[in-house]
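Asks: Sharing a structure below in structure tokens format, with a few things to ask.
The values are calculated or read from the model by the stated rules, or taken from the named source; none is laboratory data. Everything numeric in this text was worked out from a predicted model, so none of it was measured. For neighbour counting, all protein chains shown are included, and Cβ atoms are generated from backbone atoms with ideal geometry for every residue, glycine included. Just the protein is used for accessible areas: all its heavy atoms, side chains included, with ligands, DNA and RNA removed. Shrake-Rupley method; radii C 1.70, N 1.55, O 1.52, S 1.80 Å.
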Amino acid sequence: MPRGIEAGTLASVHRTYARTAAFALLTALASAPACGGSDSDAGEAAPAGPVRPPPRPTAEQEARASALLTGPDWYRHAVFYEVNVRSFQDSNGDGIGDLNGLVSRLDYLKGLGVDALWLMPIMPSPFADSGYDVADYRAIDPAYGTMADFERLLGEAKARGMRVLIDLVLNHTSDAHPWFQESRKDKTNPKANWYVWSDTPSRADIGCGTNGSTFGDSAWELEPAREQYYFHRFYPGQPDLNYREPAVAKEMLDTTRFWLDKGVDGFRCDVVGLLYETATSCSLVPETVDYIKSIRQIVDTYPDRAIVAEPVELTNSTPYFGGGKDMFHMAFDFAYGYFWGIAFASGDRRIIEDAMNTASAFPEGAQGALVIGSHDVLRAWQSAGTDPERYRGAALLQMTMRGTPFIYYGEEVALRPGAATPIDVRDTARTPMTWTRDGAGHGFTTATPWLPFGEAPAETSVEAEDADPDSMLSFYRSLLAFRRGHPVWATGASRFVPIDDRGIVAFVREDDEESYLVAVNLASEPREGTAPSALTGSGRVVLGAGSLAVGEVVTVKLPANGYAVFQLRP
Ligand SMILES: [Ca+2]
């Protein structure tokens, strides 16, 4: 548990995995002003002007990246991008983003430095939970296109050397799914046991959800036709599948084969720890672990595929890796990804330090998936307290800590939150991408967008930011170009440097070829700190601004909310 978070606060997040509640919580905490609290004096000002690497990688970097992205370890070296297809690019003028629209933006993503996409759910859905309520596991929602469009997307991505993962929602279906429509009729139909039913709104063999689902109400809903209650961890329109029914377990393994045969490069597995329940636990119980291993065995029969877990636990994804090669290739690191705003707001690094310590104990072969936002939490702009320098520092940490970065669409232009919430509060972080400065549809659509744009759509458009060397987009281009083709960032060793000022995060990344020290100042004032770490090297700033003195004692100086990457070797 991150020490920097109140135990009670975190427990309330854990108790229900209340995504909407966590959202509200983080809104309150991340918007708190940064605290002072250090006695240290930053001394003279740090050297003027941040060092900005070139916005494009060299041909040599591209060649090295290309080699690293070939073969079974590709996912460790890739930069992923989470696409909300519905909000990315409309191609047919109905106000809804679609697969053909996404194809038209692949060159933009390639140019940004993106190697792989994770598509949020694209299967047919009544959209009671933004597509995480699937009504057909082997089709494409007509709003997004056809199966032929999806196959074209896979081909166009492959032609650019890009990979495509899709969201796989195994825990529950939509109540509109034909399986549930049959199951709800009576207690004797062929699908009667495909969902979790009970005569009362509880069950002794299910030790969770009796008092509340993740979204707050009872986890049991009465089905009048059957005169029984069904179990739903999320919205009532999302009945949980019964994995103790062998036909369900088989059907969903067959579904994974269906998409792998189609050519997807893997899956992002939604709330996958919740598949089985026991009387005492509902999170990653032994039956769920075994089932995940079955999925991995199937995935491993296809070359160069990867699966990433959405852990239920927010602060430690270690159990999702199993022995390192028998469960997930990657798991999201929410300890950093969902709570970094609190570290910046408090000027205290301990949340980040604990996340790095947890990751350093992962089994051999495990790779953390690093985020600073997602479709479930605040826009990074809010987590940063609307401070662009905090935002850049958070993104720098995401791109330089050990692991694989996943950029949430629009993060590269610092997309701002929206106000409309037709499904729930998370819609504020799901607004349409803004491509052009002008026009009612900002290049996203020629119609009225399905969801209104977020704040400042012209200012955050790709067109406006492309033309501004000081924009967030220009920063992201430089940052991604900087790390491209350098395996040290993906797989190099990571060593925390315990600077005596808790406002400074510092760590060394190194492999046989090179070594860097990364430092970020969480505080809104200049800071200087020292650590008894023997380091050698030039300490030349290669990104950002600050100074580093090495020797028996390391001394780091950073400007207010400043960040720097210092090169130690070669
Ligand atoms: Ca459309």
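Asks: If amide hydrogens are placed 1.01 Å from N in the peptide plane, which non-local residues have theirs closer than 5 Å to the one on residue 306?
Replies: Excluding prolines and chain starts, which carry no amide H, the hits are 266, 267.
Asks: Let me ask another. Computing the accessible area with a 1.4 Å probe over protein heavy atoms, can you report the carbon and sulfur percentage for the range 441-482?
Replies: The nonpolar share, carbon plus sulfur, comes to 52 percent.
Asks: When the Cα centres of the range 423-470 and the range 249-275 are compared, how far apart do they sit, in Å?
Replies: 32 Å
Asks: Also: Restricting to Cα pairs below 8 Å that are 6+ residues apart, what does the relative contact order work out to for the range 456-554? Please round to a whole percent.
Replies: So the answer I get is 16 percent.
Asks: Work out the length of the dipole vector of the chain about its Cα centre, built from +1 on the beta-carbon of each Lys and Arg and -1 on the beta-carbon of each Asp and Glu, and round it to the nearest 20 debye.
Replies: 620 debye
Asks: Here's a follow-up. Where the centroid of each part is defined by its Cα atoms, how far is the range 390-406 from the range 292-333 in Å?
Replies: 22 Å
Asks: Another question, then. Got a number for carbon plus sulfur as a percent of the range 300-427's accessible area, 1.4 Å probe?
Replies: 50 percent
Asks: Using a 1.4 Å probe on the protein heavy atoms, what percent of the accessible area of the range 175-240 belongs to carbon and sulfur?
Replies: Values: 1380 of 2950 Å².
Of all accessible area on the range 175-240, carbon and sulfur atoms account for 47 percent.
Asks: Counting only heavy atoms of the protein chains, get the accessible area per residue of the chain (1.4 Å probe) and round it to a whole Å² value.
Replies: Here the per-residue accessible area is 35 Å².
Asks: Hey, another quick one. Per residue of the range 132-146, in order, report the coupling 6.51 cos²θ - 1.76 cosθ + 1.60 (Karplus, θ = phi - 60°) as ³J(HN,Hα) in whole Hz, putting x for Gly and Pro.
Replies: My calculation for the range 132-146 gives 7, 10, 8, 9, 7, 7, 10, 8, 9, 4, x, 4, 9, x, 10 Hz in order.
Asks: Here's another thing I want to ask about it. With every protein chain left in place, what is the accessible area of residue 86 in Å² (1.4 Å probe, nearest 10)?
Replies: 40 Å²
Asks: Per-residue counts of other Cβ atoms within 10 Å, averaged by peptide: what ranking do you get for 62-74, 427-439, highest first?
Replies: Output ranking for 62-74, 427-439: 427-439, 62-74.
Asks: Please work out the FRET efficiency for the pair residue 436 and residue 542, using the Cβ-Cβ distance as r and a Förster radius of 25 Å; give the result to the nearest 0.05.
Replies: The calculated FRET efficiency here is 0.15.
Asks: Using 0.36 nm per residue, how much length does the chain from residue 202 to residue 262 gain when fully extended, once their Cα-Cα distance is taken away?
Replies: 17.6 nm
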